[in-house]
Structure formats: structure tokens, C-alpha cells
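K.L.:
Sharing a structure with you now.
No lab work stands behind these numbers, since they all come straight from the coordinates. In this text, all values refer to a predicted model and were calculated from it rather than measured experimentally. FYI the Cβ positions are ideal-geometry reconstructions off the backbone, even for glycines, and counts take in every protein chain you see.
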Amino acid sequence: MMPAELTDRRCASTKNNGDPCGVTPDLLIEDEQTPGTWWCFNHHPAYEEEREAARSRGGIRSALKARRHRYLDPSDLGDLDTPADAKRWSVVIARGLATGTLSSAAGQAALKAVEAFLRSLEAVDVSARLAALEQRQLEAEQQRARAARARKAAEPEYLRKDTTP
């Protein structure tokens, strides 16, 4: 609950639409040149320089926040399906980092994604090559077994060992 002396106070200025300024009485500042006249920080004529400095600081903070969150457009990167695509992505990301169009955090995350893509591509390639080698090995073993059976079938009867006593 505010004391009665505070509730009678109002900012001497109006909003752009003509309505009275709605700042609460506890935030009002009394005008030193005209006692009894109250202003809010945004309307007090003596505080123009302070307001400009606050806007400038706010602008700097906003710019830093905006700068912290910079990303590339997906159309800048294109598809990521081949090692050549990964190379192109890396170049685009490096340029974005160098020119400031991409924040360092976003660039690091994107480069980690490219590295993970390349590792998974390599793992798939190694698995496919290993499967092909195993298949060739199996086929070679099967061919050797067929050749051994064919040689044994082609042996004359007298060379075969008789296993009956």
C-alpha cells in the first residue's frame, strides 16, 4: 500500500497518443527548478543525456546479444551427403566465422556435425569394405572346397585310400 502523498503524484508529461504517462508514483522524480512538478525518467527534461547514454548502453547490449546468436541460412549450406559436401560445408562455415555472419558457438557446433558425418560415412565405408572382403573370402573357401572335391572325384580308384578293413 502506498502512502497518500505518493498516490497524488503524476508525471507531468503524456504519451505519444495523448494519454497521461502511467509510471507509478514511486518512480517519479521531482523537478528541481519547479518544485511540485514530477517527471518520470523517460520524460524528465534534465535527464536527456542520461536517457541517451542508457539507450546507447542498451543498444550495445542488444547488439552483443544479437551477435551471440548468428546462424547461416540452410540454403547457404546445401545438402550434406558426400565427403565433397562436407568439404563445401566446412568452407562455408569457415567463411561465416571469418566474416562474422556466423557466431563461434554455432560454427563449432556445425563443424562438429560435419566431423560426425564424416566419421559415420567412414564407418559405413569400412563396414561395406569388410563385408565385401568377407564375402570374397567365403567364395574363395567354397571354390577351394569344390576344387578339392573335384580332384578327389577325378582320382583313379586305386589311389583312393580304402577305409574298410
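K.L.:
In nanometres, what is the gap between the two model label sites at Asp73 and Leu118, each 7 Å from Cα along Cα-to-Cβ?
P.N.:
For Asp73 paired with Leu118, the spin-label model returns 2.7 nm.
K.L.:
Quick one: the Cα spread of the chain along its three principal axes, in angstroms, biggest first?
P.N.:
134, 41, 24
K.L.:
Here's another thing I want to ask about it. Can you tell which of Gln143, Thr101, Leu118 lies farthest toward the positive end of the dipole of the stretch 74-152, using +1 and -1 charges on the Cβ of basic and acidic side chains (Lys, Arg; Asp, Glu)?
P.N.:
Projecting each Cα onto the dipole axis, the largest value belongs to Gln143.
K.L.:
Using a simple spin-label model with points 7 Å from Cα along the Cα→Cβ vector, what separation in nm is obtained for Thr82 and Leu133?
P.N.:
Inter-label distance under the simple model: 2.6 nm.
K.L.:
If amide H atoms are built 1.01 Å from N in the plane of the peptide, which residues on other chains or at least 5 residues away come under 5 Å of the amide H of Ile29?
P.N.:
Here the answer is Trp39, Cys40, since their amide H atoms fall under 5 Å of that of Ile29.
K.L.:
Calculate the dipole size of the stretch 74-152 relative to its Cα centre from +1 charges on Lys and Arg beta carbons and -1 charges on Asp and Glu beta carbons; express the result in debye to the nearest 20.
P.N.:
720 debye
K.L.:
Kindly provide log₁₀ I(q)/I(0) values, in the same order as q = 0.24, 0.25 Å⁻¹, from the Debye equation applied to equal alpha-carbon scatterers of the stretch 74-152.
P.N.:
-1.05, -1.09
K.L.:
Follow-up question, since we're still on this one. To the nearest 20 Debye, how big is the dipole of the chain about its Cα centre, given +1 on the beta carbon of each Lys and Arg and -1 on that of each Asp and Glu?
P.N.:
Charge dipole of the chain: 1480 debye, to the nearest 20.
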